[in-house]
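Engineer: Just passing along the structure, written as structure tokens.
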Amino acid sequence: MKHLISIEDLTTDDVVQVLDTAEALLPIALRERNSVPTLRGKVVCNLFLEDSTRTRISFDLAAKRLSAEVINFSAKGSSVSKGESFKDTALTLDAMGVDCVVVRSHSAGAPVQLSSYLDVPILNAGDGWHQHPTQGLLDVFTMRRHLGNLKGRKVVIVGDVLHSRVARSEVQALHLLGAEVTLVAPPTLLPPDVEGWGVTVATDLDAILPEVDVIYLLRVQRERMQGAFFPSSREYAHIWGMDARRLRLAKPDVLVLHPGPMNRGVEITADVADAHQGVITEQVTNGIAIRMACLYLMLAGEAAIPEVVA
């Protein structure tokens, strides 16, 4: 891979290659093996122009466990906060000799723009409402580890689809692996172009829960909302939130995923978040493995995955 900007740019074979590589690298993510020197001498820059904790730390750990050097660049306190243009920031990074840039931005299209300024791999860590490809990949990786082949598996994605870059990446990744996707959300939180997504849209969450293999709960993104998209958090939780009663309607072995951070008591109750069907903390670990795989495929060239993790 030259860049990873959108799941739309990938084929099914590309996705499978990333998942298989992550599987081989997972022992390092789990700290069952020491870090490997595969990317020693490479410099990875985490350019985070939007606040993030878990994604930034995940990319930081992924690079370091492959022995890359890491530069963490955030908007706060940087030249960006003093008015430096995005292009000048990019040229500064280029002058520093970075080998890869992981970028996160409020602005959709920022990774594409950055790729026009720099001749190094660009990895999208989330751009506006557009895409979050490594989140989609780590989620399907988590599903595949529990369910095996995802072809024909039924996944319901619940919640704030309108503001979710995760939902877009998730749906595209699941389609590439043959899964069937249903969206359940308040009508005000569905995107206007949802008919072109190739999904089923449902309104009655309780009715479809017995049929699904995976329940994927999206975070209610209050920071992106400029108006009242639903009457109250209490009403949202009652109609679209996942609680113990709803979990009992589903298959005993259903998987419950959430991209985090969770709004406990809104889209998910504490007892569901901590139930055995929940694989939310596993998603975090798998995220390190997926991001290691992406960096490896972008930067390692012809280097084989070290035998210690094969």
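None of the figures in this text is laboratory data; all of them are computed from the coordinates on show. No experiment lies behind these values; they were computed from the predicted model shown. As a convention, Cβ positions derive from the backbone with ideal geometry for all residues, glycine included, and neighbour counts pool all protein chains shown.
Engineer: Expressed as a rounded percentage, what relative contact order does segment 133-280 have, with Cα pairs under 8 Å and six or more residues apart? Intermediate values should be presented prior to the final figure.
Structural biologist: On the way: 248 pairs, mean separation 36.4, N = 148.
Dividing the mean separation by the residue count of segment 133-280 yields 25 percent.
Engineer: Now a separate question. Please identify, among Met143, Met262, Met242, the residue showing maximal mean-square fluctuation in a Gaussian network model of the chain using a 10 angstrom Cα cutoff.
Structural biologist: Met262
Engineer: I'm a student and want to see the number: the projected area of the Cα convex hull of segment 150-202, averaged over all directions, in nm².
Structural biologist: Details: hull surface 12.8 nm².
Hull-based average projected area comes out at 3.2 nm².
Engineer: Using only the Cα atoms of segment 133-280, what do you get for the radius of gyration and for Dmax, in Å?
Structural biologist: Computed over the Cα atoms of segment 133-280, radius of gyration and Dmax are 14.0, 41 Å.
Engineer: Which values of log₁₀ I(q)/I(0), to two decimal places, follow from the Debye formula for segment 81-161 at q = 0.15, 0.17, 0.23 Å⁻¹ with a uniform point scatterer at every Cα?
Structural biologist: With one equal scatterer per Cα and no solvent, log10 I(q)/I(0) is -0.68, -0.78, -1.09.
Engineer: Of the residues Pro133, Pro192, Pro111, which exhibits the maximal mean-square fluctuation in a Gaussian network model of the chain defined by a 10 Å Cα contact cut-off?
Structural biologist: In the Gaussian network model the winner is Pro192.
Engineer: Dipole of the chain, Cα-centred, from +1 at each Lys and Arg C-beta and -1 at each Asp and Glu C-beta, to the nearest 20 debye?
Structural biologist: Approximately 660 debye in magnitude.
Engineer: If you look for lysine pairs in the chain that are eight or more places apart or on different chains, how many of them have Cα atoms under 19 Å apart?
Structural biologist: 5
Engineer: In whole percent, what relative contact order does the chain give with Cα contacts below 8 Å and a gap of six or more residues? If you can, show how the numbers build up before the last one.
Structural biologist: On the way: 568 pairs, mean separation 70.8, N = 310.
It comes to 23 percent, rounded to a whole number.
Engineer: With charges set only on the Cβ (+1 for Lys and Arg, -1 for Asp and Glu), what does the dipole of segment 133-280 come to about its Cα centre, in debye to the nearest 20? Walk me through the intermediate numbers first.
Structural biologist: Working: 16 positive and 17 negative charges, 59 e Å.
Dipole about the Cα centre, nearest 20: 280 debye.
Engineer: Connecting C-alpha atoms closer than 10 Å in a GNM of the chain, tell me which of Val101, Val44, Val112 has the biggest fluctuation.
Structural biologist: Val112
Engineer: Based on a Kirkwood Rh over C-alpha pairs, give the Stokes-Einstein translational diffusion coefficient of the chain at 20 °C and viscosity 1.002 mPa s in µm²/s. Mind dumping the intermediate values first?
Structural biologist: On the way: Rh = 20.0 Å.
This corresponds to a translational diffusion coefficient of 107 µm²/s.
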